[in-house]
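What follows draws every value from the coordinates through simple rules; no lab data is involved. Just so it is clear, the structure is predicted and the values come from calculations on it, not from any experiment. Please note: Cβ atoms are built from the backbone with ideal geometry, for glycine as well, and neighbour counts cover all protein chains shown.
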Amino acid sequence: MTPLVFVHGWGMGPDLWSPIINNLPDHPVQRADLGFRGSPARPIVSTPLVIAHSLGLMWALTHLPRPWAGLVSVNGFTRFTRADGFPGVAPRFLARMKSRLPVDATGVVDDFLCRCGMASPHTRGFDQAMLSQGLDWLAEWDTRAQFARIGCPVLAIGGTADPVVTEPHSRACFPGIPLVMVEGGGHLLPQTHAGWLASRIAATLKGDWPA
């Protein structure tokens, strides 16, 4: 049975995936923890199906050894910041967050999670140093080359109303890959569309990948 590895994004934790995992019984599951709210944890499994949200995709491409059985990217990206010919996020967005972090870490995380669409962010108990490192990852990482060599089936999912990763940004990250855009979907599809995502993940486990 294919093991599942779930990877969350910046400012969040492994509990992001609970609504989906509860709808995927009978599969071995491990959750990565990037250390923003708890102790960092890197799953060690053989040939997993990787399900990654937001920054979690770049983290997985950087830290999880291959081969993978497949990849489901949810609101993910292979590069975050804008570059020549690449429609990412303006670097000043991250620079402002990083400058505020030492004096108002709670406000920075609250503002970001509210921007993502989280109605009641739970921002206590996070690790400020890891949050800062995560902002560095967002600013500096470019995993497009790693993704080009991924060597497994890919399901890329975005939201037409995502305030963080626009549709042009998503399409630039997945050239030649069918991109499923959820109409009206924001940046928290694992929570707002948990049942639908669980069904799509279940379909990939049966070999049903986009053509």
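Given 0.36 nm per residue, what is the gain on full extension from Arg96 to Lys206 after removing their alpha carbon distance, in nm? Before the final figure, lay out each step's value.
On the way: separation 110, 0.36 × 110 = 39.60 nm, distance 4.39 nm.
Taking Arg96 through Lys206 to full extension adds about 35.2 nm, to one decimal.
Which value in nm describes the separation of the simple spin-label points at Thr106 and Ser39, placed 7 Å from the Cα toward the beta carbon?
Between Thr106 and Ser39, the simple spin-label model gives 2.7 nm.
With 10 angstrom as the radius, rank Ile20, Ile51, Ile44 by how many other C-beta atoms surround their C-beta, starting from the fewest. Don't jump to the answer; show the numbers that get you there.
Details: Ile20 25, Ile51 31, Ile44 10.
Going from sparsest to densest Cβ surroundings: Ile44, Ile20, Ile51.
Return the percentage of antiparallel bridges among DSSP beta bridges fully within the chain, rounded to the nearest 5 %. Intermediate values should be presented prior to the final figure.
Details: 3 of 24 bridges.
Rounded to the nearest five, the antiparallel share is 10 percent.
For the Cα atoms of the chain, what angle does the longest principal axis make with the long axis of helix 128-140, in degrees from 0 to 90, nearest 10?
Roughly 70 degrees, rounded to the nearest 10.
Angle, helix 91-100 long axis vs. longest principal axis of the chain, Cα atoms, 0 to 90°, nearest 10?
Tilt relative to the chain: about 60 degrees.
How long is the gain from Arg66 to Asp142 if the chain were fully straight, where each residue apart is worth 0.36 nm and the alpha carbon distance is subtracted? Could the numbers behind the result be given before it?
Details: separation 76, 0.36 × 76 = 27.36 nm, distance 1.80 nm.
Additional length available on full extension: 25.6 nm.
Can you give the extra length, in nm with one decimal, that the chain gains between Thr2 and Ser46 once fully stretched, where that is 0.36 nm per residue apart less the Cα-Cα distance?
Working: separation 44, 0.36 × 44 = 15.84 nm, distance 0.89 nm.
Working it through step by step, the gained length comes to 15.0 nm.
Label Cys152 and Gln128 with points 7 Å out from Cα along Cα→Cβ: what is the distance between them in nm?
Calculated label separation equals 3.7 nm.
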